[in-house]
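Notes to accompany the following structure.
Please treat every number below as a calculation from the coordinates, not as lab data. It should be emphasised that the depicted structure is a prediction, and the values quoted were computed from it without experimental measurement. Cβ sites come from the backbone with ideal geometry, for glycine too, and all protein chains shown count toward neighbours.
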Amino acid sequence: MKNGKEIRSRRTFSEDFKKFLVSEYESGKFSVLELSRLHDVPFQY
């Protein structure tokens, strides 16, 4: 623990999962922010 917070290891995502997220975004159903919240993926600018 550092400063009372647990240090997390970096997650990796499969190519299939990334392609799935891109296809969902390109379909126009979801924004990047919505997808990050739905799939618990950190939103980055």
In the chain, which residue that is small (G, A, S) and in a helix (DSSP H, G or I) is farthest from the chain's Cα centre (by Cα)? S23
Could you please find all residues in region 10-44 being surrounded by fewer than 10 Cβ atoms within 10 Å (Cβ to Cβ) and among the polar types (S, T, N, Q)? T12, S14, S27, Q44
How many residues of region 1-35 are of a type in the set (A, V, I, L, M) and touching a helix residue (DSSP H, G or I) at 6+ places or on another chain (Cβ under 8 Å)? The answer is 3
Only residues that are closer than 15 Å to F13 by Cβ and either without any contact (Cβ under 8 Å) to a residue 24 or more places away in the chain or of a type in the set (D, E, K, R) (or both): list them for region 25-45, please. Y25, V32, L35, S36, L38, H39, D40, P42, F43, Q44
